[in-house]
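These notes are about the structure you will find just below.
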Amino acid sequence: MPVKILADSACDLPKDFYSKHNVTLFPLKVQVQGQEYEDVQTIDPKTVYDAIRAGDVPKTSQVSPLLFEEVFTKMAENNEDGIYIAFSSALSGTYQTSVMILDQVKEKYPNLNLTIVDTKCASLGFGLVVKEAARLSAENVSKEEILNDVLFRSQHMEQLFTVEDLDYLAKGGRVSKASAFLGGLLNIKPILNVEDGKLVPIEKIRGKKKVYRRIVELMQERGENFSDQIIGISHADTEETLEEVKTLIAEELHPKDIFVSSIGSAVGAHTGPGAIAIFFLNKQPS
């Protein structure tokens, strides 16, 4: 049997991806205007962005422990081998909860062959790891080889973000309030990086156009072999900017392909509308 691939919804892959590629989805939860929804399954990102624009502050919570228990138990009973590729543990408690539940299930089913990986990635950077794992699983590649690929991509994934307003991230505790205050001054746009699984502001640039140019420069500094890479771009309800950034990357870097998706409801509840994120593999030591 092919290795079972599991992922949570913070990987921001399109809704039809999971059924099409036989990936088990664990939805994070999103609360909007007092109602709780399951990311991907019962809410779409546009609903979240419209609510934020109207003044709501959506909240998110981790995957249901009961769902982890149900899926892990079923895998054990079916003798399925699997890899659960998880959202950064620095941004959600989901990874820790899944590890705890796996330990509990293994008390009853000690032979369960399931490995949980903390990608320390978010959004489509995490999604590109899942996407490749699903492709390898479909080709009946061994669990060890898939796991090696997952770990390699997780460790070498560059994740550059820019957001319309750092206040959204500050409200969700993802960056400090001081960083958010500075970002709001003088049309200064931040560039953030994911470092050891955490969102860290690394530069502040005045003006949108200059931000995107600088992101491409950072890609040139940090990446290589773009002609062999699939670059990921995720966006928060900002199609016009997406096309501008996509064109710029295509013209400057000539990647093998560019894979685009929307920043999903759970991640988007913290970035707010207008965010753009770019994902690619960095230079490896020779």
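The values are calculated or read from the model by the stated rules, or taken from the named source; none is laboratory data. Note that the structure is a prediction, hence the values are computed from the model and not measured. Here the Cβ positions follow ideal geometry from the backbone for every residue, glycine too, while neighbour counts run over all protein chains shown. Calculation scope for accessible area: heavy atoms of the full protein, side chains included, ligands and nucleic acids excluded. Shrake-Rupley method; radii C 1.70, N 1.55, O 1.52, S 1.80 Å.
Near residue 282, once Lys and Arg are set to +1 and Asp and Glu to -1 for all other residues with Cβ below 15 Å from its Cβ, the sum equals -3.
Please give the residues of segment 256-282, grouped as numeric ranges, whose backbone N is less than 12 Å from a label point set 7 Å along the Cα-to-Cβ vector of residue 56. The answer is 269, whose backbone nitrogens lie closer than 12 Å to the label point. Take every Cα-Cα pair in segment 76-119 and report what % of them are more than 12 Å apart. In whole percent, the long-distance tail amounts to 60. For the chain, with all protein chains in place and a probe radius of 1.4 Å, 47% of the accessible heavy-atom surface sits on carbon or sulfur.
Look at the dipole of the chain built from charges on Cβ: of 270, 128, 9, the Cα furthest out on the positive end belongs to 270.
Ordered by solvent-accessible area of protein heavy atoms (1.4 Å probe), largest first, the residues 254, 235 come out as 254, 235.
Rg/Rh for segment 1-103 (Cα atoms only, Rh after Kirkwood) is 1.00. Using every alpha carbon pair in the chain, what percent of pairs falls into each 10 Å bin from 0 up to the bin containing the largest distance? Spelled out bin by bin, the chain gives 7, 29, 36, 21, 7, 1 percent.
Beta-bridge orientation, the chain: approximately 60 percent antiparallel, per DSSP, counting only bridges with both partners inside. Within segment 49-89, the ratio Rg/Rh, alpha carbon atoms throughout and Rh by Kirkwood, equals 1.24. Taking all Cα pairs closer than 8 Å and separated by 6 or more residues, the relative contact order of segment 22-79 comes to 37 percent.
Quick check on segment 50-155: take the gyration tensor over C-alpha atoms, sort the square-rooted eigenvalues as a ≥ b ≥ c, and tell me if it's rounded (a/c under 1.5), prolate or oblate. Oblate, since a/c reaches 1.5 and b/c is not below a/b.
Size descriptors for segment 186-286 (Cα atoms only): Rg and Dmax, in that order, 13.4, 42 Å. Only sites in a loop by DSSP and with at most 15 other Cβ atoms within 10 Å count here; which trypsin sites (Lys or Arg not before Pro) in segment 215-266 make the cut? Taking segment 215-266 and a limit of 15 other Cβ atoms within 10 Å, the loop trypsin sites (Lys or Arg not before Pro) found are 256.
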